[in-house]
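Undergrad: Got a structure for you, written out below as C-alpha cells; questions coming shortly.
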Amino acid sequence: MSDFGGQERSDPGKDFGGQERSDPGKDFGGQERSDSGKDFGGQERSDSGKDTRRSGLLFGVGAYASWGLFPAFFPLLKPASAVEILAHRIVWCFVLMVVVIAAVRRLGDIRAITPHTWLLLTFASALISVNWVIYIYAVNNGHVVDAALGYFINPLVTVALGMLLFRERLNRAQFVALAIAVVAVVVLTVQVGSPPIIGLGLALSFGLYGAVKKVVPTDPRVSVGIEAGVAAPFALAYIVALQAAGDGTFANHGPRHVALMILSGVLTALPLLLFAAAAQRLPLVTMGLLFYLTPAMQLTWGVVVGHEPMPPARWLGFGLIWVALAVFSADALWRGRVDRRDLESSYR
C-alpha cells in the first residue's frame, strides 16, 4: 500500500500522521464503532461508508480551512512580537491538550512512553516551534505569500526527506515533480535576489517534523500535548520575564488582547484534533489533496487582502510549483487506484 507521496506503507495499521492505531475498530474518541461498514456477508454498506467519508471531509476541511485562515487571525495579536505570540500559543495549547488527553482517558499513555520516544517528541517540539515562529513572523510582516509557498512545496520536500532519511525510492513522476520544484525555487531566488528563506524554512521545519512523527508510536493527541508540554516551561519563563521587564503585551492591552492571546492556543490545538479525526476517516490521497486548501487560501489572502507584490517572475515560480504538484498528485491518484484495485482483487 502506498501513501499520498507514493511511498510504500509497511504497516496499514498506521494513520496519516504515521501514528499506530491500536484499534482500527474504534473512532476518534476511542469508542467502539458498532458498524464497521460491512454487512453480514462482508459487503460494504454504502450508507455507513458515506457517513464516514462525509464526517471525514468535514473534519479535514475544518482543519485545513482553519490553518488557511490564520493570516486573518495573527495580525489581531499585534503589538505582540512573533516570539511572544509563540510562547502564548505553546502555553495555552498545553493547557487545552491536558484537558483533551484527560477527557479521552489517555493520561496513562504518558507513563508508557520510552526515553527514546521522549527524545523524538522533544525534537518534534523544537521543530514545530521553529515552524510556528517563522509562520507568525511571515504573517505579521507582510510575507503571507512566502508562507503559502512553503506549504505548497511541503509535500515535495516531504518526498525528498523520505528519500534522504528513510531510503525511500522515488518513481519517475516524483523525480520529475521534484526537479520542476527545484527549477521553481531557482526562479524565485533570481526574482527576489536571495533564496525564499521563509518558504524553505517552513517547508523544511514541517517536513522534518512530519518525518519525526512518522516514527513516534504515540497517539497523536498525546504526542501534541507532550510537544507543547516540553516547550511550555521555556515559554512560560519567557512570558514572565517579558512581563517583569515591562515589554510584554499580555496584561497591558485590555481584556480583548488577553482573550485573543489565550484563543491562539485553542486555535493551535483545534486544527490538529480535527486533522487527527479526518485522518482516521479518509484515504491518504484525499487528505493529501485537501492539504492544498491551506496554501491556496493563504496565497489568496496575501494577494487580495494583503496586496503583496506578485511580479511576473513570482507568478512563474508559483506556476512551476503548481505544475510539479499536478504531476505529483496525478501520480498519487493513479497509484491509489492501482493499490485499491490490487486490494480488491486479493479478497476475491
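The values are calculated or read from the model by the stated rules, or taken from the named source; none is laboratory data. Please read these numbers as outputs of a predicted model, since none were measured by experiment. Glycine gets a Cβ as well: all are built from the backbone with ideal geometry, and neighbour counts include every protein chain shown.
Undergrad: Return the only residue of VAL222, VAL303, VAL323 being under 30 Å from ASN171 (Cα atoms), of a type in the set (Val, Ile, Thr) and assigned to a helix (DSSP H, G or I).
TA: Result of the check over VAL222, VAL303, VAL323: VAL323.
Undergrad: Among the residues of region 85-99, which ones are in contact with a helix residue (DSSP H, G or I) (Cβ under 6 Å, 6 or more places away or on another chain) and more than 11 Å from ASN140 (Cβ to Cβ)?
TA: LEU86, ALA87, HIS88, ARG89, ILE90, VAL91, TRP92, CYS93, PHE94, LEU96, MET97
Undergrad: Follow-up. From ALA80, ALA138, grab the single residue that is more than 22 Å from VAL216 (Cα to Cα) and not in a helix (DSSP H, G or I).
TA: Exactly one of ALA80, ALA138 is more than 22 Å from VAL216 (Cα to Cα) and not in a helix (DSSP H, G or I), namely ALA80.
Undergrad: Within region 328-343, which residues are surrounded by fewer than 18 Cβ atoms within 10 Å (Cβ to Cβ) and under 18 Å from PHE175 (Cα atoms)?
TA: The answer is ALA330, LEU333, TRP334.
Undergrad: Mind listing just one residue for me: the one in region 134-165 that is over 16 Å from TRP322 (Cβ atoms) and polar (S, T, N, Q) and, of those, surrounded by the most Cβ atoms within 10 Å (Cβ to Cβ)?
TA: Result: THR158.
Undergrad: From the list VAL145, VAL176, VAL159, VAL139, exactly one residue is in contact with a helix residue (DSSP H, G or I) (Cβ under 8 Å, 6 or more places away or on another chain), among the β-branched types (Val, Ile, Thr) and closer than 27 Å to VAL230 by Cβ. Which is it?
TA: Only one candidate qualifies: VAL139.
Undergrad: A further question on this structure: Within the group LEU77, LEU57, LEU86, which residue is in contact (Cβ under 8 Å) with a residue 12 or more places away in the chain and surrounded by fewer than 17 Cβ atoms within 10 Å (Cβ to Cβ)?
TA: Just one listed residue meets the conditions, LEU57.
Undergrad: Further question on the same structure: Do we find that PRO217 is free of Cβ contacts under 8 Å to residues at least 40 places away in the same chain and either closer than 23 Å to ALA276 by Cβ or not basic (Lys, Arg) (or both) in this structure?
TA: no
Undergrad: For region 233-262, name all the residues that are surrounded by fewer than 18 Cβ atoms within 10 Å (Cβ to Cβ) and either touching a Ser or Thr at 6+ places or on another chain (Cβ under 7 Å) or polar (S, T, N, Q) (or both).
TA: Selection gives GLN243, ASN252.
Undergrad: Continuing with the same structure: Just checking, does region 242-262 include any residue being at pLDDT below 90, among the basic types (Lys, Arg) and not in a loop (DSSP other than H, G, I, E, B)?
TA: No, the conditions are met nowhere in region 242-262.
Undergrad: Considering region 98-117 alone, what residues qualify as being in contact (Cβ under 8 Å) with a residue 24 or more places away in the chain and assigned to a helix (DSSP H, G or I)?
TA: Of everything in region 98-117, those that are in contact (Cβ under 8 Å) with a residue 24 or more places away in the chain and assigned to a helix (DSSP H, G or I) turn out to be VAL98, VAL100, ILE101, ASP109, ILE110, THR117.
Undergrad: Let me ask you something else. From the list ALA203, ALA231, ALA184, pick out the single residue that is in a helix (DSSP H, G or I), more than 25 Å from ARG89 (Cα to Cα) and either small (Gly, Ala, Ser) or more than 18 Å from the chain's Cα centre (by Cα) (or both).
TA: ALA184
Undergrad: Looking at LEU325, LEU289 in this structure, which one is surrounded by 12 or more Cβ atoms within 10 Å (Cβ to Cβ), touching a Ser or Thr at 6+ places or on another chain (Cβ under 7 Å) and touching a residue at least 40 places away in the same chain (Cβ under 8 Å)?
TA: Exactly one of LEU325, LEU289 is surrounded by 12 or more Cβ atoms within 10 Å (Cβ to Cβ), touching a Ser or Thr at 6+ places or on another chain (Cβ under 7 Å) and touching a residue at least 40 places away in the same chain (Cβ under 8 Å), namely LEU289.
To keep it simple, each residue is scored yes or no on (1) touching a strand residue (DSSP E or B) at 6+ places or on another chain (Cβ under 8 Å); (2) crowded, with 23+ Cβ neighbours inside 10 Å; (3) in contact (Cβ under 8 Å) with a residue 60 or more places away in the chain.
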residue	(1), (2), (3)
VAL176	no, no, yes
VAL182	no, no, no
SER194	no, no, no
GLY199	no, yes, no
LEU202	no, yes, yes
LEU208	no, no, yes
